[in-house]
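Data first, discussion second: the structure below is written as structure tokens.
The values are calculated or read from the model by the stated rules, or taken from the named source; none is laboratory data. Every value quoted in this text rests on a predicted model; they were computed, and no experiment measured them. Here the Cβ positions follow ideal geometry from the backbone for every residue, glycine too, while neighbour counts run over all protein chains shown. Protein only, heavy atoms only, side chains kept; ligands, DNA and RNA dropped before computing areas. Shrake-Rupley method; radii C 1.70, N 1.55, O 1.52, S 1.80 Å.
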Amino acid sequence: MIHVNTKINGDDVEFLCDPRETLLDALRDKLGLTGSKEGCGTGDCGACSVTMDGRLVCSCLVLGAEADGKEIGTVEGMAEGENLHILQEKFIEHAALQCGICTPGILVATKSLLEKHPEPTETQVRYWLAGNLCRCTGYDKIIRAVMETAADLRKAS
Amino acid sequence: MAFDDTKTEDFKVVGQRVKRPDGVDKVTGKAKFGADAVAPGMLFAAIVRSPHAHARIVKIDTSKAEALSGVKGIVTRADFATGLTGGDLDVLENVMAGEKALYDGHAVAAVAATSQLIARDAAKLVEVEYEVLPHVTDVDKAMAADAPVIREGAADQSVPEGMHANVVRYHESGHGDIEAGFAEADLVVEDSFKTEATHQGYIEPHACLAQLGGDNKGELWCCTQGHWNVQKLCAAMLGLETSQLRVTASEIGGGFGGKTAVFIEPVALALSRKTSRPVKLVMSRSEVFRATGPTASTSMDIKIGMKKDGTITAGQGTFRLQGGAFPGAPMEFTAMCAFAPYNLQNVKQVGYDVMANRPKQAAYRAPGSPMAAFAVESVIDELCKKLGLDPIEVRLKNASKQGTKASFGPTWDRIGLVETLEAAQSHPHYSAPLKEGQGRGISCGFWFNHGGETSVTLALSEDGTAQLSVGTPDIGGSRASMAQMAAEELGIPYENIRTTIADTATLGYNEVSHGSRVTYASGLATIKAARAAVKILCARAAAKWGIDEDAVVWENGCAKPSGPNAGEFDPLPIDKLTRSMGRTGGPIVGHFEATPEGAGVSFATHIVDAEVDKETGQTKVVRYTVVQDAGKAINPAYVEGQFQGGAAQGIGWALNEEYIYGEDGRLQNSVFLDYRIPVASDLPMIDTVIVEVPNPGHPYGVRGVGETSICPPLAAIANAVSNAAGVRLKELPMSPPRILAALEDQANNG
Amino acid sequence: MVEVNLWSGLRAFADGKDCVEVDAKNVGEVLSALVEQYPGLEHVIEAGVSVAVDGKVIASGLTEPVKPDSEVYLMQQLKGG
Ligand code: FES
Ligand code: FES
């Protein structure tokens, strides 16, 4: 077992994990952070998206041990207390989720998109999210929610 | 509103794009899906699966696996009920192989251990000795004389004599005289089509958490479209009394029909009974592809005759569906849906249900219908092209409408096909100019929809708010539409209703969330449960005022005297009545249990523009419009979502998705990288038009919308590709290699 | 008497007819009368059928009324995804 010291959504966290265990499994099974989902376990669906030191990664392709000394961001850290992140608000408002299983990963991925590209084009959003599968929505309402969030954020700043 | 009244106007909450009540849970990661539950002392399980497409199981040796530290129990078929027959036996055979493994991925044993990693390691240590048998995976080959027999004696009496033992059911229907019809035609087109199996591709793999004691009392948590069905099937597989197993449906990460069956739930229960510990079992993605229920694959022959003016004189279709190693491919729906959009004097449809060494097919959105539409609508398109006719005009000329005879027999009630065609025709998309290399295609589609057994309870709280319990899992926002209907009836704010998906112990039976039935049937039951509660509220007010119950009406959340003759009383708001309910007769609860039979059918017309790259064979959908009859849209945003989701899945089916089996009978593409579903960059925005032709069988006119949306895309895209590239693709998916082959073929043969 | 239309695949079990007459006041009676008159249909009806009465598809209910002039079609059982 490996002893891991990490920071998750700003909190110091330590856990023990098997050297073969993925970060996704450590988050879900060891730490009870089940907001990140496993849709494939092979890096193809993005349901497990988290950030590691600010970089967007598939947590199913990262080992739990690799989190040592890093800062991890998950969907559980997006809202501040009762206040939802504007992306979360817009997803609800635009009905950008049906079953909602892809939603945590898509929210983490789009948040990281907007941090890097505050003025994305529709094509940019579509390609950025090409690693996040949604089977329910056909993406239409997701793309609209993201575009409108970006526009609102620009207006606000 | 009297109990059975129909309401068609002046809606306050219905028709609004309200925010879904479970939205916050789902955007913050709090919502608990199948794999998100835990229990103290929980074990993890893994399943041992056959690597062979067809093999006799000679021996299973579990000794090495059992010796691994952390392994707590192993089950095989011997741990399940014996003496099952018919459909139940098929389900059990599929859940855990008996004498033979029937497809690549068929479960043969399962292990429970203290961690997921140990369970997986132990599964590899289970030694299974197989005697490999000849296999077949293609539908046409499975019907050929020399095909290996999957299971002797599986055919029912409908199958005509002389067919191969793998043909297990037969359907034939139609009317008129097709030969006379073809003789009347100015042009007859005849062609053959094939479609590969596709998977629903829900992003959440099957997952469950089971607890079953030696006393045969159990608890099961799982992601399913229907937990009463899970309860019934699991009880049978394990030899339990149905009522002793309580099943709770988790949030569900997509189903589309694929979560109407059981796969792992009985296995987790058997392991729990064996180990006396809670057992969690979660499928991997590759297990989902290999061992749940994809669609049937098909082979189809279509012949249609048309007059120069576009009148269809006769239609004939033969539909062969491969449904895996068990009977049940939905060939009768393929047959019945094939010509449903058209008013034909002469029509004949024949279906064959064929077994092969593949996983047992499961429902996928309008099971059987999209394939039929692909074949029939492709031939209609060819006829239009050859006769120089507009494809929408031709469809309008032949369209089914109220009073015409359906291709499967009965006379149509009020239906909305013509309205969808007219809306498509006048939509700017239909007349927009196309760019070089692009083609436009259209297609119609049809699905029956379903009612089904339904129970709903609505309990009023003392503060005048309401708790609504329904039994149909919320796959795409149905909590919102249920609360909207309840709020409409009660005349209280939408936010004052809390909708819960009840477990099997708290409501009467509810059929699976399938057949596009949720908004229709649970919605109807919600409206009637609310009306039952309103009736009690009115009675309480009447008692208070000392007037007749009939002299009280319910308006805007208040009881009022029905008119000046009833007496002069101030309106009594709901919270005044509920606050005293304990002392005026007891708790106020409305409920409704029934099997509503008025599910209205839904038709759609889709328009698509596609661009084909003749160098690479790649097809890109550049514009898409869905027009569909929803009867009445309770929440238009979620209706649009169903339209868009169905279209996107249809686009995947048309262009990329397929089960690829090797010569060895093994599935070669069991991960999302190789079974490629549409990603955001593959698709354009999907425009929607909601047509509302009310369903006479629902108090607000609702028709189910979840399924019809996947029926037209396959053909619409094939028709667009044909117009863009000048070649007719007769096999799905229209993947780049198939398009290139078709182009080459055309170049060689002119 | 009510006329019941069968899908043509059932002719083989109903003396070659695709339309038969039964004495029935509701869907349940239609089905039991069919089995009584044409025992060959029993396996089909046991396996589950739907019935269209005057254009309305009754997926499974037996109590739906049927009138002498009703249009009645036997259909394969409906379900969905
Ligand atoms: S679970 Fe990590 S990408 Fe699918
Ligand atoms: S909302 Fe279901 S997968 Fe995206």
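Suppose all protein chains stay in the model; what accessible area per residue would a 1.4 Å probe give for the stretch A:86-156, in Å²? Kindly include the intermediate steps, with their values, before the conclusion.
Numbers: 2360 Å² over 71 residues.
It amounts to 33 Å² per residue over the stretch A:86-156.
List the longest stretch of chain B that has no exposed loop site; here a site is one of the GluC sites (Glu not before Pro) assigned by DSSP to anything other than H, G, I, E or B, with at most 11 other Cβ within 10 Å.
B:242-435
Quantify how strongly other chains surround peptide C:70-76 by giving the mean number of their Cβ atoms within 10 Å of each of its Cβ atoms. Each step should come with its number before you reach the end.
Details: counts 0, 4, 2, 7, 2, 8, 12.
For this peptide, the per-residue mean of nearby foreign Cβ atoms is 5.
Dipole of chain B (Lys/Arg Cβ +1, Asp/Glu Cβ -1, origin at the Cα centre): which of B:PRO367, B:GLY652, B:GLN244 lies farthest to the positive side?
So the residue furthest toward the plus end is B:GLN244.
State the answer as a single residue: which of B:VAL230, C:ALA52, C:GLN77 lies farthest towards the positive end of the charge dipole of the protein assembly as shown, with beta carbon charges of +1 for Lys and Arg and -1 for Asp and Glu, about the Cα centre.
Of B:VAL230, C:ALA52, C:GLN77, it is B:VAL230.
Just checking the output field for B:174-184: average partner chain Cβ neighbours within 10 Å of each residue's Cβ?
Numbers: counts 4, 4, 0, 0, 0, 0, 0, 0, 0, 0, 0.
So the per-residue partner count for this stretch is 1.
Would you calculate the convex hull of the Cα atoms in chain B and tell me its volume per residue in Å³? Intermediate results must be reported in sequence, preceding the final value.
Numbers: hull volume 129.7 nm³, N = 750.
Cα convex hull per residue, to the nearest whole number: 173 Å³.
Compute the acute angle (0 to 90°) between the alpha-carbon long axis of helix A:103-116 and the principal axis of greatest extent of the alpha-carbon atoms of chain A; round to the nearest 10°.
So the helix axis and the longest Cα principal axis differ by about 70 degrees.
Can you give me the distance in nm between label points at C:ASN26 and B:GLU9, each placed 7 Å from the Cα along the Cα-to-Cβ direction?
Using points 7 Å along Cα→Cβ, the separation is 3.7 nm.
Summarise the accessible area of chain B (1.4 Å probe, protein heavy atoms) by the percent that is carbon and sulfur.
Working: 12000 of 24910 Å².
Of all accessible area on chain B, carbon and sulfur atoms account for 48 percent.
Toward the positive end of the charge dipole of the stretch B:16-165, about the Cα centre and with charges on Cβ (Lys, Arg +1; Asp, Glu -1), which of B:VAL139, B:LEU89, B:ALA37 goes farthest?
Farthest towards the positive pole: B:ALA37.
Place a +1 charge on the Cβ of each Lys and Arg in the stretch C:2-76 and a -1 charge on the Cβ of each Asp and Glu, then give the dipole magnitude about the Cα centre in debye, rounded to the nearest 20. Can you show the working numbers first?
Details: 5 positive and 13 negative charges, 35 e Å.
In total the dipole reaches around 160 debye.
About the Cα centre of the protein assembly as shown, how large is the charge dipole given +1 on each Lys and Arg Cβ and -1 on each Asp and Glu Cβ? Please answer in debye to the nearest 20. Don't skip to the end; give the middle numbers.
Numbers: 92 positive and 126 negative charges, 272 e Å.
With only Lys, Arg, Asp and Glu charged at Cβ, the dipole is about 1300 debye.
Report the C-B buried area as the accessible area lost on both sides summed, probe 1.4 Å, in Å² to the nearest 100. Please list the in-between numbers first.
Working: alone 4810 and 27940 Å², together 30600 Å².
Between C and B, the summed buried area is about 2100 Å².
If you find the alpha carbon centre of the stretch B:1-77 and of the stretch B:327-390, how far apart are they in angstrom?
Cα centroid to Cα centroid, the span is 32 Å.
Could you pull the Rg and Dmax for the protein assembly as shown, using just the Cα atoms, both in Å?
28.2, 90
Count charges around B:LEU577 for me, please; just the other residues with Cβ under 11 Å from its Cβ, Lys/Arg as +1, Asp/Glu as -1. Don't skip to the end; give the middle numbers.
Numbers: positive: B:ARG540, B:LYS544, B:LYS576, B:ARG579; negative: B:GLU462, B:ASP575.
Residues near B:LEU577 contribute +2 overall.
Which whole number gives the average count of other chain Cβ atoms within 10 Å of the Cβ atoms across peptide B:640-646? Intermediate values should be presented prior to the final figure.
Values: counts 5, 10, 4, 2, 7, 10, 2.
Averaged over the peptide's residues, the number is 6.
Working only with C-alpha atoms, what are the Rg and Dmax values of chain A, expressed in angstrom?
Calculated on Cα positions, Rg and Dmax stand at 15.5, 50 Å.
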